[in-house]
2 protein chains.
Amino acid sequence: MDLKFKNLTTTESFKELVSFSTPDIKNILSAERVSKCNIKTGAGLDYNYSAKPVDEKLLKIFQQLADEQQVVKKYKEILRGSIMNPGEKRMVLHHYTRGVHNIDYKEEVTDKINLYKEQIERFSDFAEKVHSGKIKGSKGAKFDTAVQVGIGGSDLGPRALYLALKGFMQSEGRKPLINCEFISNVDPDDASDVISRINPETTLFIVVSKSGTTQETLTNTALVKNLIKTKSQSIDIAKHMIAVTGKGSPMENPLEFFNSFYIDDFIGGRYSSTSAVGGVILSLAFGSDIFKKFLEGAHANDKIAMEQDILKNPPLLDALISVYDRNILKTTTEAILPYSQALSRFPAHLQQLIMESNGKSVNLKGEAINYETSPVIFGEPGTNGQHSFYQMLHQGTDIVPLKFIGFKESQQLCDVDFEGSSCQEKLNANLVAQITAFAIGQQDSNPNKNFPGGRTSDILIGKRLTPETVGSLLAHFENRTVFQGFLWNINSFDQEGVQLGKKLAGKVLSGNQENPVLDAYSALLK
Amino acid sequence: MDLKFKNLTTTESFKELVSFSTPDIKNILSAERVSKCNIKTGAGLDYNYSAKPVDEKLLKIFQQLADEQQVVKKYKEILRGSIMNPGEKRMVLHHYTRGVHNIDYKEEVTDKINLYKEQIERFSDFAEKVHSGKIKGSKGAKFDTAVQVGIGGSDLGPRALYLALKGFMQSEGRKPLINCEFISNVDPDDASDVISRINPETTLFIVVSKSGTTQETLTNTALVKNLIKTKSQSIDIAKHMIAVTGKGSPMENPLEFFNSFYIDDFIGGRYSSTSAVGGVILSLAFGSDIFKKFLEGAHANDKIAMEQDILKNPPLLDALISVYDRNILKTTTEAILPYSQALSRFPAHLQQLIMESNGKSVNLKGEAINYETSPVIFGEPGTNGQHSFYQMLHQGTDIVPLKFIGFKESQQLCDVDFEGSSCQEKLNANLVAQITAFAIGQQDSNPNKNFPGGRTSDILIGKRLTPETVGSLLAHFENRTVFQGFLWNINSFDQEGVQLGKKLAGKVLSGNQENPVLDAYSALLK
């Protein structure tokens, strides 16, 4: 492996970026630009960057920077199975949960590919048996509900994807095959709330923890068992629980879980939605045919991400634009604004994906860096956001880069005409109006009615939110996140920043902490 | 009214803030400080600012600034009924939806107080009749479900509060009296999804729009009617629909809505949760006794907000601290981190409350200002956030001010011991561990395992999330937001920034826009 690792600010290209004079979007945005700055990012999804201040000259520097930081070369090293998570000395293999790449990968990867493939077959078969009633609850009832118990990557991605695809089923004239719920928070109100609405006899619990030691998840499993005993005394709980975990983890215990599906250390939590972590519950919910189409969409983006040319590689171009926003234009946040209700929790997933991957101050060699990395990610669906925080986005004192997501058709294809247009037409009229209003603004002699404009955005556009589109959308952001990490020269696959809190919480619980401040705060909450 | 309006940066106190040398929280945080920096903010809620870098000297400047900007005096002018929303030439009267103040308010306010009181009695009576079955659906069935159709302030606050209180009912051994759903997004998938899970014959729709002209809400009402006709042909829809609107608005139509409850122009959308906008649905959901306790909690905070002494006025101290973070320490974001699953959507409500109120670049005289106003607000419940974006908060390159919310007891009082501690103990151990870890950090010679600390936080602490606590919590943030506005010398009650998008969307829909850029974007989404 002949890779070079340079801090962003020490690259030649970055120096060019610093001296580059950013065009004013108000001057360059044109109808021609809107149709020209539009490239394909897999499974029918387009990436349009016309409302970002990116001209030919800047694109040229971007390409140089991508080449200088060896972004695509490093991505291919991920696919080859090199140790690209050096902090934890691990390969990074989530791409293989959704397809095999035509690349000379290492021997070890072959074994892993086989493991992942085997899991897909195993949980597809399992889901089919649950659907047909071959696998039933301990009292003979068919399962109609699945509850995923997990936190972080075992919760946010799968939950966002479940919500993203539920409506798609409705449009196909079928409901989800299995209704799904999620328990994540160690706050006992979370489990209590979910258990109050389910029938234990028809419910399957999927407990998800790679290490098999996640405190919140084990605690919630205990709480769930306790609540269920109260609700349905004669139930055999082990016949209602399956595990998604690492082979040989403490959770791989047939006395507690009647079946187990496997992930391994080469699939990071926030990148695990396409593995058994998302696969078991999504296959139960929608059928493995739908889940496999979703994987195909993700794989399509993974292939595009191998393109050297940034104009053929939207996750890479998107990453470059975001780094330009962050490190040259000095923005500190980024809004994710899907004009699709089904994507209501997608921003929460991206919050983890991006902020946990790239919220770092240390480069790959373990040296402190002196430039900005992950911004704060936030967002809500449009049009809701328009009636909430858009005031600040339009007229506030800070510039917030905006990332829109839109679809030509509604997901459920169920609509009505009202005052001359359909809901979907109104939704999209609002979307295009916002892109334009943010970019161009509107002069008014009354400062209170003045819109400065210059608030730039890009957008991912699909025909409709199908399993393939959802897969491509997910992978676009995963690959973009990894590419940002390469540009910033940081490790996007570890998360040392979560350790200290864990350690101190353990000390509080064990009572032997010898820290008077911790004691004092604990006293306030007793 | 003898008020002075100064830009923040032109005050004498601000100059003192600029030259003040901020203490390092690592040096000043002590057990003594934790118990000392703790003040009451109404209905049993405490505000603790021990992990903010605020010492006696800074408190003194804060008090000066509050006095110089006449914050409490201006607040009392709000209560007196002066025109404190000058852009729209309106009084600001939401405080009177939850109680009367011992202050010499103007004649006009008396009428309004009577209107608000009358509405509470009317919707309490209405809710009681729905619960007893005196008011039924058109086919004779009792209502068991209410669906609120509204957007922005007619959605976010009521929805967050419904979720905040639902579990409280469960702990009282009763379920919510009426199950509630919300439709807000003009994306037709939103209504379609909600309608697919309800039985129209037992469902009451509450359509909420002050002006009676909100495009999304009227469109969704039409879509709902259409979907219901398909589902249950013989239903008399007007017998299932009530309105919350302004008197005389186009929505006050008995042919479409069999009952109407009123708000007026002096209750801003984002401040309207304690009016009929939140009151109708929350009284239906939980009973008017619960709703009235919630109002009492809010009123308790409103009274505290009249205190001149910042150490007796937590919303004011909180506002001062946030302005110090924003304008002196130059932070750009703020995380709202409730350690309570029931508050899962509370950050989304605060996002609107704060960013729409204070995301402005113009002072009260309509002049451009040159200092920062509202930061970006985001947040998710702990412990979920810990497994998501906390990595960036601990080790990212930007400092994010953190606002925690915690409770001694779980809301539903349903818990289990696991490995020596209950879920609630684990939740709170994590909370106190995080406060400490963020503030103090931990030195490590390995930069990847180093926690710089200095990441300051404050916290609101209650015994348990009851109706009174929820009310006080809501009002704390409302009053804090208004106080921030006074400090920044901006109008926290208008929202001119939402107009341009609306106007352009109207042009797109009418087809006569003559804007090639809008045309080009529209074409992408067709």
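The values are calculated or read from the model by the stated rules, or taken from the named source; none is laboratory data. Keep in mind the model is a prediction, meaning the values are calculated, not measured. We place every Cβ from the backbone using ideal geometry, glycine too, and count neighbours over all the protein chains shown. These accessible areas exclude ligands, DNA and RNA; they are computed on the full protein's heavy atoms, side chains included. Shrake-Rupley method; radii C 1.70, N 1.55, O 1.52, S 1.80 Å.
Given the condition surrounded by fewer than 18 Cβ atoms within 10 Å (Cβ to Cβ) and touching a Lys or Arg at 6+ places or on another chain (Cβ under 9 Å), answer yes or no: does some residue in segment A:86-94 qualify?
Yes, that holds for at least one residue.
State whether the residues of segment A:101-118 include one that is within 17 Å of A:N301 (Cα to Cα), polar (S, T, N, Q) and under 21 Å from the mean Cα position of the chain (by Cα).
For segment A:101-118, residues within 17 Å of A:N301 (Cα to Cα), polar (S, T, N, Q) and under 21 Å from the mean Cα position of the chain (by Cα): absent.
Table: residues versus (1) closer than 18 Å to A:T469 by Cβ; (2) surrounded by fewer than 21 Cβ atoms within 10 Å (Cβ to Cβ); (3) under 15 Å from the mean Cα position of the chain (by Cα); (4) not acidic (D, E).
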| position | (1), (2), (3), (4) |
| --- | --- |
| A:D289 | yes, yes, no, no |
| A:E296 | yes, yes, no, no |
| A:A300 | yes, no, no, yes |
| A:S322 | no, no, no, yes |
| A:P338 | yes, no, yes, yes |
| A:L353 | yes, no, yes, yes |
| A:E367 | no, yes, no, no |
| A:S374 | no, no, yes, yes |
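Take segment A:135-174 and flag every residue that is among the small types (G, A, S), surrounded by 24 or more Cβ atoms within 10 Å (Cβ to Cβ), part of a helix (DSSP H, G or I) and in contact with a Leu (Cβ under 8 Å, 6 or more places away or on another chain).
Of everything in segment A:135-174, those that are among the small types (G, A, S), surrounded by 24 or more Cβ atoms within 10 Å (Cβ to Cβ), part of a helix (DSSP H, G or I) and in contact with a Leu (Cβ under 8 Å, 6 or more places away or on another chain) turn out to be A:G157, A:A160, A:A164, A:G167.
Starting from segment A:324-344, keep only residues that are under 23 Å from B:P375 (Cβ atoms), then list their pairs with residues that are among the aromatic types (F, W, Y) and part of a loop (DSSP other than H, G, I, E, B) whose Cβ atoms are within a distance under 6 Å, requiring at least 6 positions of separation or different chains.
Qualifying pairs under 6 Å: A:N327/A:Y371.
I need every pair where a residue in segment A:262-276 that is crowded, with 24+ Cβ neighbours inside 10 Å has its Cβ under 7 Å from the Cβ of a residue that is among the acidic types (D, E), sequence separation at least 6 or different chains.
The qualifying pairs are A:R270/A:E356; A:Y271/A:E478.
Under 8 Å by Cβ, and 6 or more places apart or on different chains, what pairs join a residue from segment A:281-306 that is among the aromatic types (F, W, Y) with one that is not in a helix (DSSP H, G or I)?
Matching pairs, first to second residue: A:F286/A:P176; A:F286/A:L177; A:F294/A:T274.
Would you check if there is a residue in segment B:209-219 being touching a strand residue (DSSP E or B) at 6+ places or on another chain (Cβ under 9 Å), within 20 Å of B:D289 (Cα to Cα), open to solvent by less than 10 Å² (accessible area, probe 1.4 Å) and in contact (Cβ under 8 Å) with a residue 60 or more places away in the chain?
The answer is no, given that none of the residues of segment B:209-219 is touching a strand residue (DSSP E or B) at 6+ places or on another chain (Cβ under 9 Å), within 20 Å of B:D289 (Cα to Cα), open to solvent by less than 10 Å² (accessible area, probe 1.4 Å) and in contact (Cβ under 8 Å) with a residue 60 or more places away in the chain.
What number goes with the only condition from (1) in contact with an Asp or Glu (Cβ under 9 Å, 6 or more places away or on another chain); (2) in a helix (DSSP H, G or I); (3) crowded, with 21+ Cβ neighbours inside 10 Å that B:L474 does not pass?
Among (1) in contact with an Asp or Glu (Cβ under 9 Å, 6 or more places away or on another chain); (2) in a helix (DSSP H, G or I); (3) crowded, with 21+ Cβ neighbours inside 10 Å, B:L474 violates only (1).
Results for (1) more than 30 Å from A:K74 (Cα to Cα); (2) within 7 Å of another protein chain (Cβ to nearest Cβ); (3) in contact with a Cys (Cβ under 8 Å, 6 or more places away or on another chain); (4) in a helix (DSSP H, G or I), shown as yes or no for each residue.
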position	(1), (2), (3), (4)
A:K360	no, yes, no, no
A:L364	no, no, no, no
A:E372	no, yes, no, no
A:I377	no, no, no, no
A:I399	yes, no, no, no
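For A:E468, are the conditions met, namely being among the acidic types (D, E), in contact (Cβ under 8 Å) with a residue 60 or more places away in the chain, more than 10 Å from chain B (Cβ to nearest Cβ) and open to solvent by less than 10 Å² (accessible area, probe 1.4 Å)? Walk me through how you get there before you give the answer.
Values: among the acidic types (D, E): yes; in contact (Cβ under 8 Å) with a residue 60 or more places away in the chain: yes; more than 10 Å from chain B (Cβ to nearest Cβ): yes; open to solvent by less than 10 Å² (accessible area, probe 1.4 Å): no.
Judged against the criteria, A:E468 is not a match.
Quick one: B:S492 ticks every box in (1) more than 11 Å from B:N358 (Cα to Cα); (2) more than 8 Å from chain A (Cβ to nearest Cβ); (3) modelled with pLDDT of 95 or more except a single one, so which number is it?
Checking B:S492 against (1) more than 11 Å from B:N358 (Cα to Cα); (2) more than 8 Å from chain A (Cβ to nearest Cβ); (3) modelled with pLDDT of 95 or more, the one that fails is (1).
Could you tell me how many of the residues in segment B:401-419 are facing chain A (nearest Cβ under 7 Å) and out of contact with any strand residue (DSSP E or B) (no Cβ under 9 Å at 6 or more places or on another chain)?
Residues flagged as facing chain A (nearest Cβ under 7 Å) and out of contact with any strand residue (DSSP E or B) (no Cβ under 9 Å at 6 or more places or on another chain) within segment B:401-419 amount to 4.
So, restricting to helices (runs of 4 or more DSSP H) that lie completely within segment A:46-132, which ones have at least 2 residues that are under 30 Å from A:T436 (Cα atoms)?
Working: elements: A:56-68, A:71-80, A:107-132.
By residue number, A:56-68.
Do we find a residue being over 25 Å from A:H394 (Cα atoms), out of contact with any Gly (no Cβ under 9 Å at 6 or more places or on another chain), open to solvent by 20 Å² or more (accessible area, probe 1.4 Å) and not hydroxyl-bearing (S, T, Y) anywhere in segment B:423-435?
yes
Could you list all residues from segment B:409-465 that are part of a loop (DSSP other than H, G, I, E, B), without any contact (Cβ under 8 Å) to a residue 12 or more places away in the chain and acidic (D, E)?
Answer for segment B:409-465, where residues must be part of a loop (DSSP other than H, G, I, E, B), without any contact (Cβ under 8 Å) to a residue 12 or more places away in the chain and acidic (D, E): B:D415, B:E419, B:D444.
Here's a check for you: in segment A:180-190, which residue that is under 30 Å from A:P467 (Cβ atoms) and either without any contact (Cβ under 8 Å) to a residue 40 or more places away in the chain or facing another protein chain (nearest Cβ under 7 Å) (or both) is surrounded by the fewest Cβ atoms within 10 Å (Cβ to Cβ)?
Taking segment A:180-190 first, the residues under 30 Å from A:P467 (Cβ atoms) are A:180-185, A:190.
Applying the additional criterion that residues be either without any contact (Cβ under 8 Å) to a residue 40 or more places away in the chain or facing another protein chain (nearest Cβ under 7 Å) (or both) yields A:181-182, A:184-185, A:190.
Working: A:E181: 19, A:F182: 23, A:S184: 27, A:N185: 29, A:D190: 30.
For segment A:180-190, the residue satisfying everything is A:E181.
For a quick check of your reading of the model, give me the residue pairs whose first member lies in segment B:507-525 and is more than 7 Å from chain A (Cβ to nearest Cβ), whose second is surrounded by fewer than 21 Cβ atoms within 10 Å (Cβ to Cβ) and part of a helix (DSSP H, G or I), with beta-carbon atoms closer than 7 Å and at least 6 apart or on different chains.
Hits for this filter: B:Q513/B:K507.
Checking B:G382 against (1) at the interface with chain A (Cβ under 9 Å from one of its Cβ atoms); (2) buried (at least 24 other Cβ atoms within 10 Å of the Cβ); (3) closer than 14 Å to A:V376 by Cβ, which test does it fail?
(3)
How do the pairs read when you match residues in segment A:246-258 that are on the phi < 0 side of the Ramachandran plot and without any contact (Cβ under 8 Å) to a residue 12 or more places away in the chain with residues anywhere that are assigned to a loop (DSSP other than H, G, I, E, B) and open to solvent by less than 40 Å² (accessible area, probe 1.4 Å), using Cβ under 9 Å and keeping only pairs 6 or more apart or on different chains?
Once the first residue is on the phi < 0 side of the Ramachandran plot and without any contact (Cβ under 8 Å) to a residue 12 or more places away in the chain and sits in segment A:246-258, its partners that are assigned to a loop (DSSP other than H, G, I, E, B) and open to solvent by less than 40 Å² (accessible area, probe 1.4 Å) give A:N253/A:G212.
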